[in-house]
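**Student:** Got a structure here, written out as structure tokens. Questions coming.
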Amino acid sequence: MKERARVALGFLLCLAVPLACSSKSSGITPTGGGDGGHQDGSVGGDAGGGFTAGFKADIGQIVKGAGPIIASPKIVTVTWNADPNQAAFEDFGDKLGASAHWAATVGEYGVGAATSGAANHVRISAAPPATTDPDTVSAQLKDGIATGGWPAPDASTIYAIYLPAATTITPNDVYHSETQITGNDHVAYVVINQSGGGATVETATAAASHEIAEAATNPHVLSDTALVGFDPQHVAWQMFVSDAEIGDICELYKDVAYKPTDFPFAVQRLWSNKNAAAGLNPCIPAPPDPYYNVTPLDLETVSVFVDTASTASSGLGYRINIGSKKTIKLGFYSDKPVAAPWTITAVEGNFFSPASNHRVDITVDKATGNNGDTGQITVTATTQNQGAGNAVLVTVTSQAAGLPPHTVPILIGTY
């Protein structure tokens, strides 16, 4: 079965080398605590009560496909004896599933406590390979189960394979995938790459928390998928993060990795549909800082072709004829008071990867506001590129002094 590598190496690099992610408004380093924010689904409201968010945020929801979710995961930790981090990774796998972080991030999707323990530790005595690739990792997993005494899989098993720093995998990613083994056609596994990027135990466990959670909420990643992709109305959010699982979206945020006060390892905040729908920080457990952003107002339903797709997608956005322009109003909102007005900027493409071939011009007409205010951008459709479809992504970034930035994607259909 073909592997699907995941886009998580940049996440590891951000964790290890903060300046490497400055263009992504990232620069991730694990922070202490961070269990604040609203988790009850209420909109607005600071600790003292009485605060009301200015506008109802329009944020996409990750949808569930026909595939299963693992309700009671069993984590099998696979390490090499030559890896000095072996004991730490085994301890992480044993403790993750009973942690408050795990319950807070995956509980809303029907995933319960995960188990592990010494019986689910695989220690490889052979020297680590100098190089490997996804096909070889999959083959080693199948061989280990068939002949090497690895714990036999069932529908709840997730193998977490930690490649030592001495091993280089090509492509140089961390990812989760599935493979086929006789008697069990869907065996979920995670591959954590420690080579390159200044990886540490913290960067590895943060990446592992991301991939293990996605393996539990979308274990059949190559076949009948479960939690992946945004609802059809939010084409812009799907364009913003193409592989939209619960860890992918949040890895773009600066404060994504943190160290819980009651768990001795760095982990990653994960996407919450519940918080997103309530206009709260969608990446949980939310940090104690205010969550602030803008939301597009007066959205229209537009039919667009994304890239080279042969079928049109219908979603919320704005229709602009070539040579014409449209003024888009943006509502400022926050879930707690923000000390001073914040500023918005807008680019075509992603905020961390702006488009190189521009199809629209963007001006920010009203750039500053606070909760309840409105901002304004004007978008002019300048050219049509049929080879790339007529769907254009515009990303608006909000930046308040001393706080991490937040973004919102907006769909433009050019005609």
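**Student:** Based on Cα coordinates alone, diagonalise the gyration tensor for the range 366-415, multiply each eigenvalue by 5, take square roots, and list the semi-axes in whole Å, largest first.
**Tutor:** After diagonalising the Cα gyration tensor, the semi-axes are 28, 13, 8 Å.
**Student:** What FRET efficiency do you get for residue 143 and residue 261 if R0 is 25 Å and r is their Cβ-Cβ distance, rounded to the nearest 0.05?
**Tutor:** After rounding, the FRET efficiency stands at 0.05.
**Student:** What are the extents of the Cα atoms of the range 292-414 along their three principal axes, listed from largest to smallest and rounded to whole Å?
**Tutor:** Sorted largest first, the three principal extents are 47, 27, 24 Å.
**Student:** Is it possible to state the helix-based mean residue ellipticity at 222 nm for the chain, with each DSSP H run of 4+ residues giving -39500 (n - 2.57), the sum divided by total residues, to the nearest 500 deg cm²/dmol? What is it?
**Tutor:** Helices in the chain give a 222 nm mean residue ellipticity of -5000 deg cm²/dmol.
**Student:** I'd like the distance separating the alpha-carbon centroids of the range 321-380 and the range 158-234, in whole Å.
**Tutor:** What the calculation gives is 35 Å, centre to centre.
**Student:** Taking 0.36 nm per residue of separation and subtracting the Cα-Cα distance, what length does fully extending residue 365 through residue 98 add?
**Tutor:** The span from residue 365 to residue 98 would gain 91.2 nm if fully extended.
**Student:** On to the next question. Out of residues 5 or more away from residue 415 or on other chains, whose amide H comes under 5 Å of its own, with H placed 1.01 Å from N in the peptide plane?
**Tutor:** 320, 321, 322
**Student:** Around residue 67, which amide H atoms from residues at least 5 apart in sequence, or from another chain, sit under 5 Å from its own amide H, with H modelled in the peptide plane?
**Tutor:** Here the answer is 225, 226, since their amide H atoms fall under 5 Å of that of residue 67.
**Student:** So what are the ³J(HN,Hα) numbers for the range 402-409, from phi and the Karplus equation (6.51, -1.76, 1.60; θ = phi - 60°), rounded to whole Hz, Gly and Pro as x?
**Tutor:** Along the range 402-409, the couplings run x, 10, x, x, 10, 10, 9, x Hz.
**Student:** Here's another thing I want to ask about it. Would you mind checking the range 154-190 for residues with the amide N under 19 Å from a putative spin-label position 7 Å along Cα→C-beta of residue 113?
**Tutor:** Backbone N within reach: 156-158.
**Student:** Taking θ as phi - 60°, what are the ³J(HN,Hα) couplings along the range 86-102 by the Karplus curve (6.51, -1.76, 1.60), each to the nearest whole Hz, with x for Gly and Pro?
**Tutor:** Karplus values, whole Hz, x for Gly and Pro: 3, 5, 5, 5, 5, 5, 4, x, 6, 9, 4, x, 9, 7, 5, 4, 4.
**Student:** Could you work out how far apart the two model spin labels at residue 71 and residue 358 are, taking each label as a point 7 Å from the Cα in the direction of the beta carbon, and quote it in nm?
**Tutor:** Simple spin-label model gives 5.4 nm for this pair.
**Student:** Moving on to the next point. GNM, the chain, Cα, under 10 Å: largest mean-square fluctuation among 382, 225, 79?
**Tutor:** Greatest mean-square fluctuation among the candidates belongs to 382.
**Student:** Here's something else I'd like to know. Going down the list 254/336; 259/366; 74/259, which pairs span over 26 Å between their C-alpha atoms?
**Tutor:** 259/366
**Student:** Each label point is 7 Å from the Cα along the Cα-to-Cβ direction; what then is the distance between the points at residue 340 and residue 311, in nm?
**Tutor:** 5.0 nm
**Student:** How big is the Cα convex hull of the chain in projection, averaged over all directions, in nm²?
**Tutor:** The Cα convex hull of the chain, projected and averaged over all directions, gives 19.5 nm².
**Student:** Under a crude label model (7 Å from the Cα following the beta-carbon direction), how far is residue 329 from residue 301 in nanometres?
**Tutor:** 2.2 nm
**Student:** Using modelled backbone amide H atoms (1.01 Å from N, in-plane), which distant-in-sequence or interchain residues come within less than 5 Å of residue 270's amide H?
**Tutor:** Counting only residues 5 or more places away or on other chains, the set is 284.
**Student:** Same structure, new question: Rank by packing, highest mean first: peptides 290-303, 402-415, with packing defined as the count of other Cβ atoms within 10 Å averaged across residues.
**Tutor:** 402-415, 290-303
No lab work stands behind these numbers, since they all come straight from the coordinates. What you are looking at is a predicted structure, and each value in this text was computed from that prediction instead of being measured. Neighbour counts are summed over all protein chains in view; Cβ atoms, including those assigned to glycine, are modelled from backbone coordinates with ideal geometry.
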